[in-house]
Structures are given as structure tokens and as C-alpha cells.
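Here the structure is laid out as C-alpha cells; the discussion comes afterwards.
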């Protein structure tokens, strides 16, 4: 399990910060008539989807009755509408979490109005977006508004402290400050930054690693790197994860090289000699764009095979 999944809150009591959002959720769940449509807004990595999943559970939905969508067109909206009347499989409710709603076309948003307004008793909608300005007013008007925000400095340090204690990886105060500043108060960024530099004692090395990539793009790349270095997944599973990445191959190579460098400098297992071997596969740039994807896949396979066989 990657750190982001491991430290994702499973209840409102576990949520750090976002007190206003938590209060809105609690207040509406205590209403005589519980609303069926919610909209969670906020920056990437601020906990929108996490709150949506917690809310879905509180609404009575079993894990198998929580359906996550990323709608893009009116055709996809109509497919969703056809599924509404089917009963929940396990729980008493069926919850549709629609992520990145701002990417749905205006026609698609208009087509969403009727199911938002005439939801079956067992159906709830939770719409998530980083850009509410792109959502038509008639959709926004049908939803309870919940807003997530970056953590204040105190809460950011609280989350980082939880990470360091649970992972038994104490941080120098200067390194902790670098992580907090880089993360800009976003919980996912704090976890990603910590995963990138855990075990490294040198402040200058940590600074260089954190400066080398955008944390907003790095969460799934950290996950890829950890799968190559640590996980028990087979190559087919890792290659499938690789196929889902939309970031250009050269950027992925740079991030993986930085991850291996971090491991080489750290005292976290595996031994530094193994990180040195893995780093070799990501040192050279992928110059030819037409073969970049193939070069990246081959480099990841070689690194994975080296780690598994310890050769």
C-alpha cells in the first residue's frame, strides 16, 4: 500500500484541518431531510475525494455501492442515468462520486440536472471540482456546498509529525520546514514530499530533490517508483500502471532518477547498493521522442527485474 492510501482518513474524526467542511457535513447529516446532492470544491490534493468517500460511507453506502465517475460528455452522463434505478448491492444507499466535474461539457452538465433533482431515495451524488467557475449555476444551485482548503501551518506540521512517528523516520527541523513550504498546505503534497525524501539527513540534498519536480504531478509517480522498488506486484501489474500515466516519459524518467538518488542517500531499505543499480537505468535522457515510451518501459522493466532477482 502506498503512503497516500495508507494515511487517507477513513472518518471525519481522522481528518486533519478542513474544520468548516467537516462541520457542513455533520450539520447536513443531522437534518430531518438529508440532502441527496453535494458539491466539494478545492485545490488538487486538498482532500476532496477523501471527504467524498467518508461522506458516502456516512450516507449508508457500502464500498461496493460507491461508484466513481469522471464524466466528459453527454453520452457518459446518459449511461450514468441508466444505472440510477438499480438497487444498492450491500448497503442502504448508492453514491455516485463524480470527480473533476469541470471537464464535463455544458451539454453534459445540463443533462445531469434531472438526475440531480429527481434522485431515487437510495441515490446520492457527490460532485468534486477544482474549478467551480466552470460549473453551470443550475448544477451548483442544486448542491450543498462543501469547500476544502490547504492546511494551516499548525495542521500541516501535525500531519507531518504523524507520518514521521508512524513510519519511524524522524526529520530534522530544517527538512520538515522544507517539506511544509514545498507542500503549500496540501495534505497529498505533504505525504508525497515525505515519501520522496524519507531517510535523507542532508538538508541540501532534500532541497535539491524537492525542487526537481512538481508535487502535484508526483503522487502517482511516487507510487510507480515504490512499486518498482518495494511492492510484491508482478511486472504485468506495474506495466498496466505505467500505461495509465499521461505525463511525458522524460519527466517520468527524471522523477524516477530522483527517487533512486533519494534512496541512495537515505538509510531506508533496500541497501544503497541496490538503489545505485536501479539508478543506472534512469540516468540517460530519452532523446528520441518517438521511442521515449518504449525506452521508459524497458528501463522500468530492467529496474524491476534487477530488484526482484537481486542481480
key: Among (1) crowded, with 18+ Cβ neighbours inside 10 Å; (2) at negative phi; (3) not in a strand (DSSP E or B), the one test that residue 40 misses   = (3)
request  = Please work out which residue is nearest to residue 259 (Cα to Cα), limiting yourself to region 276-301 and to residues that are crowded, with 16+ Cβ neighbours inside 10 Å and without any contact (Cβ under 8 Å) to a residue 40 or more places away in the chain.
outcome  = 279
inquiry  = Taking the conditions exactly as written (in the same structural domain as residue 85 (by TED's automatic domain parsing), touching a helix residue (DSSP H, G or I) at 6+ places or on another chain (Cβ under 9 Å) and buried (at least 18 other Cβ atoms within 10 Å of the Cβ)), does residue 59 satisfy them or not?
reply    = yes
query = Take the residues of region 268-311 that are farther than 22 Å from residue 250 by Cβ and assigned to a loop (DSSP other than H, G, I, E, B): which is farthest from the chain's Cα centre (by Cα)?
reply = 311
request  = Considering every residue within region 78-88, establish whether at least one is part of a loop (DSSP other than H, G, I, E, B) and either under 23 Å from the mean Cα position of the chain (by Cα) or at pLDDT 90 or above (or both).
outcome  = yes
ask   = Which of the residues spanning region 119-169 are within 22 Å of residue 105 (Cα to Cα) and part of a loop (DSSP other than H, G, I, E, B)?
value = 119, 130, 131, 135, 136, 141, 142, 143
task = Would you mind stating whether residue 116 is touching a residue at least 24 places away in the same chain (Cβ under 8 Å) and either outside the structural domain of residue 41 (by TED's automatic domain parsing) or part of a helix (DSSP H, G or I) (or both)?
result = yes
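The values are calculated or read from the model by the stated rules, or taken from the named source; none is laboratory data. Quick caveat: nothing in here was measured; it's all calculated off a predicted structure. FYI the Cβ positions are ideal-geometry reconstructions off the backbone, even for glycines, and counts take in every protein chain you see.
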